[in-house]
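Beneath this line is the structure, given in structure tokens, with notes to follow.
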Amino acid sequence: MSNQENKPAPPDGPERRSGGNGAGGDPGFNWKGLLWLSIALSLIATGVIYNSKPPGKSLSYPEFLAALEKGEVSKEKDRGVKIISSQGSMLESITWYLETETGAATPVKHVTTVDTGFTRDQLNEKLKEKGIVPTFEEETNVGANLFVTFLPLLLLVGLVYFFFRQQIKMAGRGAMSFGKSRARLLTMDKNKITFKQVAGVDEAKEEVSELVEFLKDPKKFQKLGGHIPKGVLMVGPPGTGKTLLAKAIAGEADVPFFSISGSDFVEMFVGVGASRVRDMFEQGRKSAPCLIFIDEIDAVGRHRGHGMGGGHDEREQTLNALLVEMDGFDTGEGVIIIAATNRPDVLDPALLRPGRFDRQVTVSLPDVKGREGILKVHAKKVKMAADVDLMVIARGTPGYSGAELANVINEAALMAARRSAKSITTKDLEEARDKVRWGKERRSMAISEKEKENTAFHEAGHAILLEVLEHTEPLHKVTIIPRGPSLGSTMWLPEEDKYTHRKNELLDDLVVTMGGRVAEELVFGDVTNGAMGDIRHATKIARKMVCEWGMSDSLGMVEYGDNNEHVFLARDMTSSRGYSEDTARLIDAEIKHLIDSSYQRAKELLIKHRPEMDAIAKALLEYETLDGANVKELMEHGRMINPPRSKPPDPPMPPAVPEASGNNGRDADDGDLPLGLAGAPA
């Protein structure tokens, strides 16, 4: 469509490298120790505070003198007056008993604090008058005083120790283990994935099934002198199931599965990556037979000598270590390396030679049968309505990867749950398909009637050309409801999967792409920036026709330029385009000729079918969305025999200012060929 991944692990294997929180993992923070420290400090502080204050009621010195004058102070031997002085302090504590306190059966102990510097002579005189001989006691509490003084400091040191002990230990351990591999071991008790959970890549499964047989029975291959591949490189677009397939191999073979990312090798310290490579292969030998899976190997396996800054490169040293280890790897050890990447063009040639990665397995986008199989696998996890035909959905999702198809099922389940449905219907799946590829409908977007009219004629121009041209795919749906970055969309679905495109099909595609801009010019006498995505798409197709596919009569079957699909900056900055300035002018002229002729042809057809275009635009303004059958009825009968249901009421307009239309044109699909969404106006 176009708009515009159960054998016992060896000692010091997973316990050392699993990275988990189990018994073999790194210890967590010592919360128990911190709790006991807090309790101990609280108890000590409470004891100090309690012991620093003698027990008894506290009365002031004048109150003590008043009681002494009244003869209420006890003169008994065991309950006499005791004067306690503290070392290093001018204050003294007088403990005495009140004989006649109201409500008390026995004398009650009282405590009075007094400054001896001013009251010693007066106190001695008063006690002598009453015939009371006090006893004296000196209290030494230096330890408690020191503890109280240094308590905040001790508390701070304790907090620092317990809070940072783990970090200090980890830093020390990390400094000694930088060169250890970070590969995570997935054993069979956790690896539940088998080939049954992998669909849509039958050829790739068949090719890697030899690895499973070898891991189960190595002698079967060794007795004839054959050698199993040392390494298998899985190549394919993102989301096609490369990692899933590698996990399924380990699940089927019932062997340990080490998983690591290419970026885990590279560190800021020189030599760490190479050390981790050596440690990873050592782990594999101890756990043999096993699989080692390196995801995104392009992070560490890029071309050597293409560094921008020159000098020593840590990534190159890591790659050298990987090359040496794989070259010295014996397949009889039962260790197989599997790597995955979607950028095979940037890998170093030495990594791809036989003896290292002996076999490349292409995991491509699934065909219609593969898409149906993937949908069935994911549909087992949700509740589908009885009338849902997954083959219909598979035919309507050309170019979708396995990850996108899984997302379609998930989005459909969320939509059904949102409306409290008991099962997922075909309508939910179709809406989820459109949402995954083109974005969610934005019905609340504030659009003026003038822009709606412009969008309607733009999409009508695309729709009519899809119907009248011979070498186009069937029209699926045309809508003026904003979806994703576009203000409208014209969608078509191929009747079958296509892997080659004829020149006439490409020329008609260019004409359809021009239809939106031509319709704007014919109806309004002016054009908008809504054809931005159309122009980009048309230019891309025309350039490939001229420079790569040999479809230019004047330039012939010659490839112009290296035409790398992906940019590799360090390489591309030093490469030349491979043709002269005169040839470049001819290429530009031929591209412009293809687009100009397509524009003129689109203009002639739309002038001829102007009444039908007006009818389709009017119906779009009324119903907002028309399917292919509605458009055919309008073109054949001038009216719709089975019109769609009335459009739902518009939601309330938000108070915010409407979006600017400067860059809302729908970008064309990133692939080489159109996939089914035609240019949406901005």
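The values are calculated or read from the model by the stated rules, or taken from the named source; none is laboratory data. As the structure is a computational prediction, the values presented were derived from the model and not from experiment. Every residue, glycine among them, receives a Cβ derived from its backbone with ideal geometry; neighbour counts consider all protein chains shown. In case anyone asks, the SASA skips ligands and DNA or RNA and just uses the protein heavy atoms, side chains included. Shrake-Rupley method; radii C 1.70, N 1.55, O 1.52, S 1.80 Å.
Values as computed for the structure displayed
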| read-out | value |
| --- | --- |
| Of residues in segment 479-508 being among the aliphatic types (A, V, I, L, M) and in contact with a His (Cβ under 8 Å, 6 or more places away or on another chain), the one surrounded by the most Cβ atoms within 10 Å (Cβ to Cβ) | MET491 |
| Restricting segment 311-348 to residues that are more than 25 Å from THR240 (Cβ to Cβ) and assigned to a loop (DSSP other than H, G, I, E, B), the residue that is modelled with the highest pLDDT | GLY334 |
| Search result, residues across segment 608-644 that are in contact with a strand residue (DSSP E or B) (Cβ under 7 Å, 6 or more places away or on another chain), closer than 15 Å to HIS458 by Cα and in a loop (DSSP other than H, G, I, E, B) | GLU624 |
| Test for HIS476: is it in contact with a helix residue (DSSP H, G or I) (Cβ under 7 Å, 6 or more places away or on another chain), assigned to a loop (DSSP other than H, G, I, E, B) and open to solvent by 40 Å² or more (accessible area, probe 1.4 Å) | no |
| Close pairs from segment 437-448: first farther than 12 Å from VAL408 by Cα, partner open to solvent by 60 Å² or more (accessible area, probe 1.4 Å), Cβ under 6 Å, at least 6 apart | ALA446/MET653; ALA446/PRO658 |
| Residue among SER259, SER263, SER275 that alone is hydroxyl-bearing (Ser, Thr, Tyr), open to solvent by 10 Å² or more (accessible area, probe 1.4 Å) and over 21 Å from the mean Cα position of the chain (by Cα) | SER275 |
| Residue within segment 349-367 that is farther than 19 Å from SER261 by Cβ, assigned to a helix (DSSP H, G or I) and among the charged types (D, E, K, R) present | no |
| Test: GLU441 is over 18 Å from ARG371 (Cα atoms), open to solvent by 40 Å² or more (accessible area, probe 1.4 Å) and in contact with a helix residue (DSSP H, G or I) (Cβ under 9 Å, 6 or more places away or on another chain) | yes |
| Unmet criterion (only one of (1) over 18 Å from GLU203 (Cα atoms); (2) out of contact with any strand residue (DSSP E or B) (no Cβ under 6 Å at 6 or more places or on another chain); (3) open to solvent by less than 50 Å² (accessible area, probe 1.4 Å)) for ALA416 | (2) |
| Filtered residues of segment 387-404 (kept if buried (at least 21 other Cβ atoms within 10 Å of the Cβ), of a type outside the set (Gly, Ala, Ser) and assigned to a helix (DSSP H, G or I)) | ILE393 |
| Top-ranked residue in segment 236-252 [being open to solvent by 20 Å² or more (accessible area, probe 1.4 Å) and either modelled with pLDDT under 85 or not in a loop (DSSP other than H, G, I, E, B) (or both); ranked as farthest from ALA406 (Cα to Cα)] | GLU252 |
| ILE447 being hydrophobic (A, V, I, L, M, F, W, C), crowded, with 18+ Cβ neighbours inside 10 Å, over 29 Å from the mean Cα position of the chain (by Cα) and not in a helix (DSSP H, G or I) | yes |
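Results for (1) modelled with pLDDT of 80 or more; (2) at positive phi; (3) open to solvent by less than 20 Å² (accessible area, probe 1.4 Å); (4) not in a loop (DSSP other than H, G, I, E, B), shown as yes or no for each residue.
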| position | (1), (2), (3), (4) |
| --- | --- |
| ALA204 | yes, no, yes, yes |
| LEU215 | no, no, yes, yes |
| LEU224 | no, no, no, no |
| ARG285 | yes, no, no, yes |
| GLY309 | no, no, no, no |
